[in-house]
Each structure stands twice: as structure tokens, then as C-alpha cells.
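The values are calculated or read from the model by the stated rules, or taken from the named source; none is laboratory data. Just so we're clear, the structure is a prediction, and the values are computed from it rather than from any experiment. Methodologically, a virtual Cβ is constructed for each residue, glycine included, from the backbone with ideal geometry; neighbour enumeration extends over all protein chains shown. Accessible surface areas use protein heavy atoms only, side chains included; no ligands, DNA or RNA. Shrake-Rupley method; radii C 1.70, N 1.55, O 1.52, S 1.80 Å.
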Amino acid sequence: MTLADLAFAAGAGMLGGAMNALAGGGTFATMPTLIALGLPSPIANATSNVALQPGAMASAWTYRAGLEPMSGLSVRLLTGITFAGGVAGSLLLVATPTRVFDIVIPWLLLLATIALAFGKRGAAALSGRISIGPKTLIGAQALLGIYGGYFGGGVGLMMTATWGLLSGAEPHKLAAPRTLMLATANAAAAIIFIVTGMVKWLLCLPMLAGAIAGGYLGAQLGRILSPAVIRIWTLLVTAITTAVFFWRAYS
């Protein structure tokens, strides 16, 4: 690794941290960068997860006052389900061969892009027509935890959309539980990735530092940029990244 590689990783971390602070989707900046720097895609995904984890924890702490039960389910229960799902998903990633993950990942990116583009509107459209109880919410949360541990791109908006549909909660009331569940799934995955040696620390540490700085700068930008500009930028990055990964896997 050269100094330029380390600087590239730090820059990607800054961009990813800023994206997470503004609208989510930071994985779209960090993971492709690590692959471009020569890491196999599962290692890149694991390293990206750990690098973005401090930002997720900081966000969860900031929103802690807004935590409350959902559809009669306690925050502790939902957190436990999410943690277990995150462990299962991360173990699945550890067991996934690189070539298989290379084929699967464009579809995960496409799913995340769709969630970023249409998640809120889809949830709003369906929530007025469908109402599903706590048991279904438990099953859905387990699946979201598994996805969060395995890949996690766009899972925040997936959670917002799913919870809005299953619990009928207003989107603005879901920021606190969403950030906590994101941090929980990421923490579970980070533990597994670190224990199994999947983290490339030489690139993770500068990316982590960049993500912390980017999270702060992104929060400041969020105060002056219009929501439309933030949304367009986020969707542009995610769409281009998804297209590149489809080309890489199937060309």
C-alpha cells in the first residue's frame, strides 16, 4: 500500500461518512473504493462495515431520546432480534466465496438503490391500505438484521419503509429506532468480521478517520443544502455504482 492508497481510502471514508449523515448509502462510496484498491469484495465489504461503524454508533447515541416501543414490541426485543440477524448475516458473508459474492452484490446494490429511490413513497402508499401486526414485524426485523449483517447498503430506508408499513408509524418518528438498529446490525457484523480476520486494517483505519470527519462535514452541509440536491446526488452515486458492478460481474 502506498500513501496515495491510504489517502484514497481516507477520502472515500469522508465521502461515505458525509453520505450517511445526509441521506444514507455511504457503503456505495467506501466498498467500491476498497475493491479498486485490490481487496476481494467480501473483505472490502467487511472492512467498509467496520470503518463506518463509529459514525453509526454516534448517530444512535444522538437519537437515543426518541426511542420508544413499536407495535407493542420493546426496543430491547427489536435490538436483540437485529443483533442476532446481524450475526447470522455476517457469518453468511464469511462463508460466501468471493466469486459468488461478486455475482450477488450487483443485485444487492440494485435493491439498495430502489430502497433509496422509492422506499419512503412506497411505504406511504402501502401503509394506508395494509396493516400487519407484531409477529410479522418480528420476522421482518430478523430478515432486515440478516441483510444488514451481510451487506447493509440501503438497509436504513428499508427499515423505515418496512416499519411504516407494518407498524403504521410516521417516518419522522422512526429516526431513533432506525439509527439504533443500523448500529446494532453493523456492530454484530463488525464483531464477526474482526474475529474472523476479514478486516484489512491498513485501509480500514484511514477510512474510519475519514468517515468521522465526513460525518461531521455532512451534518453541516445538511443544514445548507436543499433536500432535492441531497437526494439527486445520493441517487446519482448509487445508480452509477450499481451499473458499474453489473458491468464488472457480467461483462
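Which of rounded, prolate, oblate describes region 9-97, given a ≥ b ≥ c as roots of the alpha-carbon gyration tensor eigenvalues and a/c under 1.5 marking rounded, otherwise prolate only if a/b is larger than b/c? Oblate shape, in that a/c is at least 1.5 and b/c is the bigger or equal ratio.
In terms of overall dimensions, the C-alpha atoms belonging to the chain reach 53, 43, 36 Å along their principal axes, ordered largest to smallest. Element breakdown for the chain at a 1.4 angstrom probe: carbon and sulfur atoms account for 72% of the accessible area. Taken per residue, the accessible surface of the chain reaches 46 Å², heavy atoms only and a 1.4 Å probe.
Once the Cα atoms are used to define both axes, helix 227-250 deviates from the longest principal axis of the chain by about 60 degrees. Sites count as exposed loop sites when they are trypsin sites (Lys or Arg not before Pro), lie in a DSSP loop, and have at most 10 other Cβ atoms within 10 angstrom; the longest stretch of the chain without one is 1-128.
Sorting Val87, Val195 by accessible area (1.4 Å probe), largest first, what list results?
Val195, Val87
For the chain, the longest principal axis of the C-alpha atoms and the axis of helix 175-195 are separated by about 40°. Remark: spin-label model distance Ala142-Asp5 equals 4.2 nm, labels positioned 7 Å along the Cα→Cβ axis. Note on Tyr250: accessible area approximately 120 square angstrom, rounded to 10, probe 1.4 Å, nucleic acids and ligands left out. Note on Phe151: accessible area approximately 10 square angstrom, rounded to 10, probe 1.4 Å, nucleic acids and ligands left out.
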